[in-house]
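Take a look at the structure below.
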Amino acid sequence: MTKQAKANMPSLDNYWMPFTANRQFKKSPRLLVSAEGMHYTADDGRQVLDGTAGLWCVNAGHGRRQITSAVERQLATLDFAPSFQMGHPVAFEFAERLAAIAPGGPEAKLDRVFYTGSGSESVDTALKIAIAYQRAIGQGTRTRVIGRERGYHGVGFGGISVGGLVNNRRVFPLLPGADHMRHTHDPARNAFSRGLPEHGADLADDLERMVALHGAETIAAVIVEPVAGSTGVLVPPKGYLERLRDIATRHGILLIFDEVITGFGRLGTPFATDYFGVIPDLVTTAKGLTNGAIPMGAVFAKRDVYDALMTGPEAAIELFHGYTYSGHPAAAAAGLATLDIYESEGLLTRGADLAQEWEDAIFTLKDAPNVIDIRTIGLVAGIELSSRPGAVGARAYDVFVDAFKKGLLIRVTGDVIALSPPLIIEREQIGEIVSVLGDAIKRAE
Ligand code: PMP
């Protein structure tokens, strides 16, 4: 760090950092001070290649002037408008543009858009819409929501209830009745599969077991990440999502895809829904929606779901739910500019052009020390390392720290290294990621 930078350094005492070992971090902080394209600049002036699109969100790369100037113009024109009983044109325009690329394409009709402020809010919103929908169609006993082990659906009470991470759950009271299917990760049978794993479609039958155990008439919805991201990049087995769709439909259970990570081009299609050709009833998004520039989320609802809630007297509020910042003008403007970039640069499908090269490059790490599985799909990768005895996560954390020193930002979760670079990545940069990472993995041996 330069002398000047050190002098300008704020105290680290006051900011209570999220999902961070605060005391450890504050002893050796890692600070990012600016970003452009594929790179961050750290506080010591080093360029750091962004292997994670920030936190799975900066899909169009950093510092996009089109977005910043749209936000600036919008804030100068209309900084805020009440989101309840009032509207502003930009929120409607953004929803109309989103409807045109909505998950599953026009026939799927997931073109009703409810704005939120984050992925967690999108999840809780979707769960509430599902329960309210069931009640609206005369199925008021359906209040139970089903998630999956190793699912991550944010940190609202709804999200941690359907989520499957014990650390996020154990301290808190949870939604009554929430239950879980098993996760689909099966390294014994599927390690190093390229493409979708062969084994495990039958795990979708866990939803049948939930029905047998609880009764379909108690279940409102089932929520899954089409590809689980934060818990280690778990790619669904061939046929799994189709089977889940079929079981949910047969039992009147709404299917929610949590596409907070997979939405907006991550898999090489606009949404995972398009990749798999499986159409859910609700889709949650955030992150790439505004390229991470302004916090915003959106839930895409099937028209039938929306219509069912639009019955009743005209003047009545249909859903007692919403946020001060739903459809915030700056966020909607950022979203519109983001969509313009995605569309003009073909970014929502660019991952499909690069996916094979990405997979081949990542799989060159197969023989690196302690690598026990590699999973890739679209422009995502999970590289799993064996854990040191009694120290789960320690090896991957060493790789993370070392890679950062050498100018590469990765994410680690347990002993899985997760990669999800901005979709503007150039071919040479894929090589750079693999080379820096390969060396860091060797050093962590
Ligand atoms: N759902 C999924 C699938 C996610 O990956 C995340 C965040 N990583 C969330 C929900 C929560 O989003 P947020 O952190 O914006 O609340």
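As an exercise: evaluate Phe84 against (1) aromatic (Phe, Trp, Tyr); (2) under 30 Å from Val278 (Cα atoms); (3) more than 16 Å from the ligand (Cβ to nearest atom) and give the number of the one condition it does not meet. Among (1) aromatic (Phe, Trp, Tyr); (2) under 30 Å from Val278 (Cα atoms); (3) more than 16 Å from the ligand (Cβ to nearest atom), Phe84 violates only (2). Listed by position, the helices (runs of 4 or more DSSP H) enclosed by the stretch 203-317 that each have at least 2 residues that are touching a Phe, Trp or Tyr at 6+ places or on another chain (Cβ under 8 Å) and surrounded by fewer than 23 Cβ atoms within 10 Å (Cβ to Cβ) are 303-309. The number of residues in the stretch 404-428 being within 23 Å of the chain's Cα centre (by Cα) and not in a strand (DSSP E or B) comes to 11. So, in the stretch 222-254, exactly how many residues are closer than 12 Å to Val145 by Cα and within 15 Å of the ligand (Cβ to nearest atom)? Residues flagged as closer than 12 Å to Val145 by Cα and within 15 Å of the ligand (Cβ to nearest atom) within the stretch 222-254 amount to 3. Per the listing Leu98, Leu55, Leu78, the residue uniquely surrounded by fewer than 17 Cβ atoms within 10 Å (Cβ to Cβ), under 18 Å from Arg266 (Cβ atoms) and of a type outside the set (Val, Ile, Thr) is Leu55. Applying the selection to the stretch 112-138, what residues are away from the ligand (no atom under 16 Å from the Cβ) and either surrounded by fewer than 21 Cβ atoms within 10 Å (Cβ to Cβ) or closer than 14 Å to Ala221 by Cβ (or both)? Hits for the stretch 112-138 are Ile131, Ala132, Tyr133, Gln134, Arg135, Ala136, Ile137, Gly138. Can Glu217 be described as within 15 Å of Ile146 (Cα to Cα) and within 15 Å of the ligand (Cβ to nearest atom)? Here the answer is no, as Glu217 does not meet what is asked.
Results for (1) in contact with a Leu (Cβ under 8 Å, 6 or more places away or on another chain); (2) over 28 Å from Val166 (Cα atoms), shown as yes or no for each residue.
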site: Tyr15; (1), (2): no, no
site: Pro18; (1), (2): no, no
site: Pro29; (1), (2): yes, no
site: Tyr40; (1), (2): yes, yes
site: Leu49; (1), (2): yes, yes
site: Asn59; (1), (2): yes, yes
site: Ile67; (1), (2): no, yes
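Yes or no: the stretch 184-198 includes at least one residue that is part of a loop (DSSP other than H, G, I, E, B), under 21 Å from Ala130 (Cα atoms) and within 16 Å of the ligand (Cβ to nearest atom). Scanning the stretch 184-198 turns up no residue that is part of a loop (DSSP other than H, G, I, E, B), under 21 Å from Ala130 (Cα atoms) and within 16 Å of the ligand (Cβ to nearest atom). Just one residue in the set Gly151, Gly159, Gly147, Gly164 is at pLDDT 95 or above, assigned to a strand (DSSP E or B), within 16 Å of the chain's Cα centre (by Cα) and within 14 Å of the ligand (Cβ to nearest atom); that residue is Gly147.
On inspection, Ala35 passes the criterion of being away from the ligand (no atom under 16 Å from the Cβ), touching a His at 6+ places or on another chain (Cβ under 9 Å) and touching a residue at least 12 places away in the same chain (Cβ under 8 Å). For beta carbons closer than 6 Å, sequence separation of 6+ or different chains, a first residue in the stretch 137-157 that is closer than 18 Å to Leu234 by Cα and a second that is of a type in the set (D, E, K, R) and in a loop (DSSP other than H, G, I, E, B), the qualifying pairs are Glu149/Arg182.
The values are calculated or read from the model by the stated rules, or taken from the named source; none is laboratory data. Being a predicted model, the structure only gives us computed values, none of them experimental. No Cβ is skipped: glycine too gets one built from the backbone with ideal geometry, and neighbour counts run over all protein chains shown.
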